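Encoded as structure tokens, the structure appears first; notes follow it.
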Amino acid sequence: GIAAVLVIGIGFSIGLYATLLPEFAGFNFIWDLSMMAVFAVILVASFLTHEVGHKIVAQRNGLWAEFRLTTWGALLTFASVFLPFRMIAPGAMMIGGTLQKKDDLVKISIAGPITNLIYSCLFLGLAVTLPLSFDWGSMLLFAGYLNAFMAVFNLLPFGILDGYKIFSLNKKIWALFFVPSAALALIIFLFI
């Protein structure tokens, strides 16, 4: 619940920042309150679905999995509500138990970024096919971009990120998801 409230705060703050300081925000569309609310819901769904993806795959492999709020992650996310840069990291999925195969860790780790890729394609498709105003279509494109970016960021092969685990165990699977995620993020970014 706390993580969801923090992510909702990020969603609204992006719209408010774009409205109050458009010259610094870089958006070419106007945010209204209803767009901010829809965007906040999209952001929460994107974050939670990513984490639940890890949980479902871990539990299907007989492991214990639970989302835990982290103090520093929650504080960083809270601070991001008020700062011009955003970081969404209020916590992480904690997984315990014994893996039967190394491939199980790859499956668990890739599940989160896959949800972001699905959302990215969905929002891109909705933005270009629905008869929406320029502002609403642009907001959906931005939501698509953020999901692609979330996939790319989580697939970076560093530290505690999903990408590190995947890259360490199976470089081909890592490339199979990283390259399309990066291409999708770039395409949508250029489209916005």
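Build a GNM of the chain with springs between Cα atoms under 10 Å: which of Val38, Val179, Val152 gets the top mean-square fluctuation?
Val179
Using Stokes-Einstein with the Kirkwood hydrodynamic radius over Cα pairs, what translational diffusion coefficient do you get for the range 146-186 at 25 °C and a viscosity of 0.890 mPa s, in µm²/s rounded to a whole number?
251
Given a cut-off of 21 Å, what percent of all Cα-Cα pairs of the range 106-192 lie beyond it?
Tail of the P(r) past 21 Å holds 31 percent of the pairs.
Enumerate the amide H contacts of Leu155 below 5 Å, restricted to partners 5 or more residues apart or on another chain; note that Pro and chain-start residues carry no placed amide H.
Here Gly163 satisfy the definition.
Quickly work out the Leu16-to-Gln59 label distance, labels modelled 7 Å from Cα along the C-beta direction, and quote it in nm with one decimal.
3.4
Label points 7 Å out from Cα along the Cβ direction at Ile173 and Phe191: separation in nm?
Here the answer is 2.8 nm between the modelled labels.
Which helices, counted as full DSSP H runs in the chain, have an axial Cα extent of no less than 27 Å and a Kyte-Doolittle average of 1.6 or above?
Long hydrophobic helices here: 171-191.
Just by accessible area at a 1.4 angstrom probe, what is the order of Phe178, Phe82 from largest to smallest?
The ranking, largest first, comes out as Phe82, Phe178.
Over the range 33-127, what portion of Cα pair distances is larger than 16 Å, expressed as a whole percent?
The proportion of pairs with Cα distances above 16 Å equals 63 percent.
Got a number for the accessible area of Trp64? Probe 1.4 Å, square angstrom, nearest 10.
Around 120 Å² of this residue is reachable by solvent.
Would you list Thr71, Thr19 from the most to the least accessible area, probe 1.4 Å?
Order by accessible area, largest first: Thr71, Thr19.
I need the calculated FRET efficiency for the pair Val5 and Met94, taking r as the beta carbon distance and R₀ as 22 Å, to the nearest 0.05.
Working from the Cβ atoms, E equals 0.65.
Under a 1.4 angstrom probe, counting protein chains only, how are Leu33, Leu69 ranked by accessible area, largest first?
Leu33, Leu69
The values are calculated or read from the model by the stated rules, or taken from the named source; none is laboratory data. Since this is a predicted model, take the numbers as computed values, not measurements. Positions of Cβ are generated from backbone atoms using ideal geometry, with glycine treated the same way; all protein chains shown enter the neighbour counts. Just the protein is used for accessible areas: all its heavy atoms, side chains included, with ligands, DNA and RNA removed. Shrake-Rupley method; radii C 1.70, N 1.55, O 1.52, S 1.80 Å.
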